[in-house]
1. Just to be sure I understand, if you calculate Cα extents along the principal axes in Å for this structure, which of (1) 38, 33, 25; (2) 83, 35, 27; (3) 43, 37, 31 do you get?
2. If I take every Cα pair under 8 Å that is 6 or more residues apart in the range 10-147, average their sequence separation and divide by the length, what percent do I get for the relative contact order?
3. On a full-extension model of 0.36 nm per residue, what is the gain between Thr106 and Ile28, subtracting their alpha-carbon distance, rounded to one decimal in nm?
4. Before I look further, what does the range 39-126 give for accessible area per residue, probe 1.4 Å, in whole square angstrom?
5. Assuming 0.36 nm per residue, please report the length gained on full extension of the stretch Met118 to Ser49 beyond their Cα-Cα distance.
6. What FRET efficiency comes out for the pair Ala129/Ser66, r = Cβ-Cβ distance, R0 = 30 Å, nearest 0.05?
7. Of the listed peptides 17-23, 49-55, what is their order by residue-averaged count of other C-beta atoms within 10 Å, with the highest listed first?
8. On the protein heavy atoms, probe 1.4 angstrom, tell me the percent of accessible surface of the chain carried by carbon and sulfur.
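The values are calculated or read from the model by the stated rules, or taken from the named source; none is laboratory data. Note that the structure is predicted; figures quoted are calculated from it, not measured. In this analysis, Cβ positions are derived from the backbone assuming ideal geometry, glycine residues included, and neighbour counts consider all displayed protein chains. For accessibility, only protein heavy atoms count, side chains too; no ligands or nucleic acids. Shrake-Rupley method; radii C 1.70, N 1.55, O 1.52, S 1.80 Å.
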Amino acid sequence: MARSGKPRITPRNAKNAVAVAKVIGPAIAPIMLPIVAKAAATLRSMKDSRRAHKLGVPLDDLAKYSGKGGHLHARIAGLTDVLTELRAKDKATDTAFIDETQTTLTQLAAAVRAAERMPTPRRKTAHRAVAQELDLLEDRLMHKLGI
């Protein structure tokens, strides 16, 4: 023991610790391995569920929205789904607005994909611009729906 009350690591103490680990390790490993594996799988599942909920997509579709622009791709897909529903649901809906918005969404998706390979500052600028454009499209859509 060191004089300050803390245990001091010496070559002899280290050698003893390694010897104890060699004896106890193989005995504990078969017991602990399944527990650790299950805990890791549970944590990963919780993380994936939380991310899917945050993006507003089903858990099965989470892989489609990975990468730095995943949240933007999820927003674009959500707006595209709404426009598809509007087009199918009500034939009297303003088709010019739907066509224009669909074209814009296609261009924004291409911009997000292109931004994936840009340096970080340029990518962040592109993502901010796409997010602002999506905000405007969402506002226009809500206005068209009367909300």
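1. Here the calculated entry is (2).
2. Numbers: 57 pairs, mean separation 24.4, N = 138.
For the range 10-147, the relative contact order is 18 percent.
3. Details: separation 78, 0.36 × 78 = 28.08 nm, distance 5.54 nm.
Answer, rounded to one decimal: 22.5 nm.
4. Details: 5900 Å² over 88 residues.
Accessible area per residue: 67 Å².
5. Details: separation 69, 0.36 × 69 = 24.84 nm, distance 2.89 nm.
Taking Met118 through Ser49 to full extension adds about 21.9 nm, to one decimal.
6. Details: r = 21 Å, r/R0 = 0.71.
For R0 = 30 Å, the calculated efficiency reads 0.90.
7. Numbers: 17-23: 10.1, 49-55: 13.7.
Ranking, from highest mean packing down: 49-55, 17-23.
8. Numbers: 6780 of 11100 Å².
Roughly 61 percent of what the probe reaches on the chain is carbon or sulfur.
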